[in-house]
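The values are calculated or read from the model by the stated rules, or taken from the named source; none is laboratory data. Being a predicted model, the structure only gives us computed values, none of them experimental. As a convention, Cβ positions derive from the backbone with ideal geometry for all residues, glycine included, and neighbour counts pool all protein chains shown. These area figures cover heavy atoms from the full protein model, side chains too; ligands, DNA and RNA do not enter into them. Shrake-Rupley method; radii C 1.70, N 1.55, O 1.52, S 1.80 Å.
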Amino acid sequence: FMVISAFAVFAMAANPLMSSPHPPASSSPVSSSFLSTKGNPVPRIGLGLAALGRPGYINLGRSEELSSAGERSIESMKEQTFQVLDAAWSCGVRYFDAARSYGRAEEFLSSWLDSRQIKSDDVCIGSKWGYRYTADWRIDTGGAPHE
């Protein structure tokens, strides 16, 4: 199983052929596997939302992509997240990884699913517990942990 970084899909989001405002139906060219003898199959490729749900993250090139404070506003980050999610969906990605410690990733994902009317049976979501996002949308936490 592979979870790809959001920045691997930013190029796809910029391509008008890959970034449809209304993703296609649930069919996906990405194969799935069963993790156990019970339950639904899990797609083999997913998109991790850690870098999309918070304005400061440790990805290379992030400062060039999000150079101004306006590009790091909650609304702007939400809009960019939607573009990446649309591009990923168009490429067949149906597994999304989010967590409370990913800032607003779960909120953005939920809003995107609602806005695109994607049914719960058509998507697989992984989340985690135990960490809490503490940076409060700050980029520089003065050396304090962000989670």
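State, to one decimal in nm, how far the label point of residue 107 lies from the label point of residue 76, with both points 7 Å from Cα in the Cβ direction.
Using points 7 Å along Cα→Cβ, the separation is 1.7 nm.
From the backbone phi of the range 89-97, what are the Karplus-calculated ³J(HN,Hα) couplings (6.51 cos²θ - 1.76 cosθ + 1.60, θ = phi - 60°) in whole Hz, Gly and Pro given as x?
Per-residue couplings from phi come out as 4, 4, 8, x, 6, 10, 10, 10, 10 Hz.
Amide H to amide H under 5 Å from residue 97: which residues, 5+ apart in sequence or cross-chain, H placed 1.01 Å off N in plane?
47, 48, 49, 126
Using the Karplus equation 6.51 cos²θ - 1.76 cosθ + 1.60 (θ = phi - 60°), what ³J(HN,Hα) coupling, rounded to whole Hz, does each residue of the range 115-122 give in order, writing x for Gly and Pro?
5, 9, 6, 8, 6, 4, 6, 9
Let me cross-check residue 123: its accessible surface, 1.4 Å probe, with only protein heavy atoms counted, in Å² to the nearest 10?
Using a 1.4 Å probe on the heavy atoms, I get roughly 30 Å².
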